[in-house]
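Have a look at the structure below before the remarks.
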Amino acid sequence: MAEYRLLTKDFGTDGLQTIDVYERCGGYEGLRKALRSLTPDEVVSEVKTSGVRGRGGAGFPTGMKWSFLPKDVHPRYLCVNADESEPGCFKDRALIDENPHQLIEGTLIAAYAIQAPIAFIYIRGEYHDQRLLLERCVEEARAAGYIGRGILGSDFSCDVIVHGGAGAYICGEETALIDSLEGLRGQPRLKPPFPAVKGLYGKPTVVNNVETLSNLPHIVLRGGAWFASVGTEKSTGTRLFCCSGHINRPGTYEVALGTPIRELLEEECRGVWKGRSLKAFQPGGGSMQVLLPEHLDLPLDMDVVAKAGSALGAGAMVFMDETTCMVDVSMRLVDFYQHESCGKCAPCREGTYFEADLMHRLERGELTTAELTTLSDICDNMNGKCFCPLGDTATWFVMSAYQAFHDEFEEHCGAGGCPVKRRNRELVPAAGGDRG
Amino acid sequence: MNVLTPETRAEIERQRDRYPQARSAVLPSLWAVQHQLGYLSPEGMAEVAELLWLTPSEVEAVASFYSMYFDRPGGRHHVLVCINVSCALRGADEIVSHLEGRLGCPSGGTTADGEFTWEQTVECLGACGGAPAMQVDHHFQENLTPERVDAILDEVRAAPASEPHGPSLWHRIAVRLRKAGR
Ligand SMILES: Cc1cc2nc3c(=O)[nH]c(=O)nc-3n(C[C@H](O)[C@H](O)[C@H](O)COP(=O)(O)O)c2cc1C
Ligand code: FES
């Protein structure tokens with residue numbers, strides 16, 4: 001089995017969402033150990049030793065991020081990024097649904113390490129039931145003395161506030177998240193200053209992903225060195241990969257980093273569905289570049305996948321079988337970015353609009369070959385020129401798909417319809433849809 | 001005359017006092033208004049502004065940024081269907097056309113009897129492992145087929161007005177789908 005269960009080890013235990021069961025599984029022991037026998041600086045150094053890198057997309061070393069906080073400036077704040085809206089991504093939801101107290105414990109450990117008196121959990125609006133669950137769990141933890149004044153008899157006090165978003169992908173970007181939390185339109189801020197220096201309410205702030213924080217109880221309990229022994233040298237620990245698309249068993253699977261992608265696909269996802277072959281996959285969610293079957297033997301290692309021209313991003317693996325139209329997929333992603341562009345900068349606001357218009361006409365087979373060049377030009381004028389990465393990433397999948405499936409894009413030009421879907425209909429004449 | 005009930009106003013004040021700065025309570029307050037009115041009316045937003053010591057235009061500017069707030073009244077239930085990649089790969093388009101036929105109105109519309117407002121969305125809902133997926137009144141419904149959609153809509157329609165979001169409704173739906181072997 002490719003699976004390595006660390007964060008998911010107790011998933012499925014009856015009642016794990018209640019504090020009693022979580023404690024029976026060893027829960028809150030990490031927080032207890034941190035408060036009783038480690039100084040905040042020792043926690044930071046343990047996390048540095050672990051080598052854990054952010055699971056929210058950028059992969060920045062967590063311990064290092066914490067150490068950017070200016071000395072002796074207080075108060076500081078911790079923001080938990082539970083905005084999870086990357087297309088293809090659903091691991092943070094699983095971590096909250098299945099083991100909410102693990103996240104709360106990790107949040108409190110991080111708050112202790114950076115000495116934050118308040119931690120905010122920013123959860124996307126669509127995760128309504130998950131927000132209610134977290135709110136209930138926070139109250140349970142408060143009643144048990146893990147949240148509030150003088151936690152477990154120490155002199156550390158911390159409150160946890162669960163804050164619901166209202167439908168905006170951009171609020172996952174850390175500075176937009178902060179704006180949104182301040183009660184504003186969620187638009188990104190200019191960096192520097194980075195949130196570590198000037199963040200929420202102008203105070204030093206750390207933003208960390210749900211999965212990043214869910215690792216902390218394990219790092220504190222078993223030690224940073226142990227954690228670093230799992231995975232590869234620069235991609236330590238495990239990750240939850242959200243597997244979806246044309247596979248036999250979609251779901252989230254936790255594997256040690258370094259596991260070959262093929263093992264994840266064959267063993268956990270049980271291979272491509274309907275006995276078909278793989279055409280392409282996206283290793284990091286909607287923002288990341290397309291990879292091909294020849295990349296299946298790459299290890300799930302952030303730097304190796306980056307070298308291959310894509311990224312593990314937020315850990316979403318979308319698999320596409322041989323019948324998939326890459327123009328259709330690109331069009332949907334471009335639609336997404338157009339819808340989610342916050343409107344702050346022109347290249348993204350206007351660029352995604354043009355991109356979407358061109359992609360819709362291409363998918364309908366109405367574009368000319370010359371206009372296809374316009375698509376590249378527009379993407380060129382966006383990539384690296386937008387205010388925040390949303391606009392840049394709005395070009396990555398399309399451009400990589402255009403490169404890898406050049407003929408398929410050209411074939412759409414003037415075709416008066418989608419040639420791939422036409423072929424599929426001829427292949428499977430009777431079947432209307434493409435359901436499993 | 002206040003349009004918000006004393007309970008809603010109290011909830012907004014409770015939210016306001018949770019945060020280091022009152023303004024942070026804008027989003028939760030707007031949720032409270034939408035919970036009561038079903039949408040954000042100008043009068044409701046003006047009351048939020050008054051309670052959070054802001055101007056109405058500041059509150060409206062925030063409200064218009066976020067896609068989950070409604071600027072007009074809709075049906076008793078809200079259905080949101082994902083058409084992003086993972087769902088599309090597993091038949092989201094078929095679900096969309098089924099809903100359109102079954103509810104008799106295009107995406108964004110409300111049924112003649114006022115029961116449902118439905119829309120398709122390019123926003124991935126975070127349910128790609130159970131694609132194709134939708135949310136009904138913020139609650140996930142996954143691994144959809146046209147038959148499952150029908151069963152869900154029937155059950156939701158039959159739910160008493162007093163309890164549109166209740167957990168027992170979702171439980172009934174789950175039981176019904178299991179019995180039907182879907
Ligand atoms: C457009 C955009 C959307 C993002 N969405 C998320 C998100 O939903 N969840 C998340 O944890 N990080 C997201 N990020 C990354 C955050 O900005 C930030 O790097 C991350 O929360 C830091 O946490 P980590 O270091 O623990 O990964 C997004 C970034 C961008 C540019
Ligand atoms: S693509 Fe539909 S829920 Fe993610």
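In the set B:Glu100, B:Glu147, B:Glu155, B:Glu163, only one residue is acidic (Asp, Glu), closer than 26 Å to B:Tyr39 by Cβ, modelled with pLDDT of 95 or more and away from ligand 2 (no atom under 14 Å from the Cβ); that residue is B:Glu100.
When the residues of segment B:110-126 are narrowed to those that are closer than 18 Å to B:Asp150 by Cα and crowded, with 16+ Cβ neighbours inside 10 Å, which ends up farthest from the other protein chains (Cβ to nearest Cβ)? Ranking the qualifying residues of segment B:110-126, first place goes to B:Thr111.
Within segment A:186-205, does at least one residue satisfy the condition of being assigned to a loop (DSSP other than H, G, I, E, B), under 21 Å from A:Leu134 (Cβ atoms) and within 14 Å of another protein chain (Cβ to nearest Cβ)?
Yes, some residue in segment A:186-205 is assigned to a loop (DSSP other than H, G, I, E, B), under 21 Å from A:Leu134 (Cβ atoms) and within 14 Å of another protein chain (Cβ to nearest Cβ).
Of the residues making up segment A:236-287, those that are buried (at least 22 other Cβ atoms within 10 Å of the Cβ), within 12 Å of another protein chain (Cβ to nearest Cβ) and assigned to a loop (DSSP other than H, G, I, E, B) are A:His246, A:Pro250, A:Cys269, A:Gly285, A:Gly286, A:Ser287. Residues of segment B:78-94 that are of a type outside the set (Asp, Glu) and assigned to a helix (DSSP H, G or I): B:Val85, B:Ser86, B:Cys87, B:Ala88, B:Leu89, B:Ala92. Of all the criteria given as (1) surrounded by fewer than 22 Cβ atoms within 10 Å (Cβ to Cβ); (2) away from ligand 1 (no atom under 14 Å from the Cβ); (3) over 14 Å from A:Tyr122 (Cβ atoms), the one not satisfied by A:Pro204 is (1). Of the residues making up segment B:60-77, those that are more than 16 Å from ligand 1 (Cβ to nearest atom) and in contact with a Gly (Cβ under 9 Å, 6 or more places away or on another chain) are B:Val62, B:Tyr69, B:Phe70, B:Pro73, B:Gly74, B:Gly75, B:Arg76. Taken as a whole, segment A:385-396 holds no residue that is among the basic types (Lys, Arg) and farther than 13 Å from A:Gly351 by Cα. Just one of the listed residues (A:Phe68, A:Phe90) is in contact with a Cys (Cβ under 6 Å, 6 or more places away or on another chain) and among the aromatic types (Phe, Trp, Tyr), and it is A:Phe90.
Yes/no matrix, rows are residues, columns are (1) modelled with pLDDT of 95 or more; (2) of a type in the set (A, V, I, L, M, F, W, C); (3) touching an Asp or Glu at 6+ places or on another chain (Cβ under 9 Å):
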| site | (1), (2), (3) |
| --- | --- |
| A:Val21 | yes, yes, yes |
| A:Gly26 | yes, no, yes |
| A:Val47 | yes, yes, no |
| A:Lys65 | yes, no, no |
| A:Leu78 | yes, yes, no |
| A:Cys89 | yes, yes, no |
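The values are calculated or read from the model by the stated rules, or taken from the named source; none is laboratory data. Given the structure is predicted, the values throughout are model-derived calculations rather than measurements. Neighbour counts run over all protein chains shown; Cβ positions are idealised from the backbone, glycine included.
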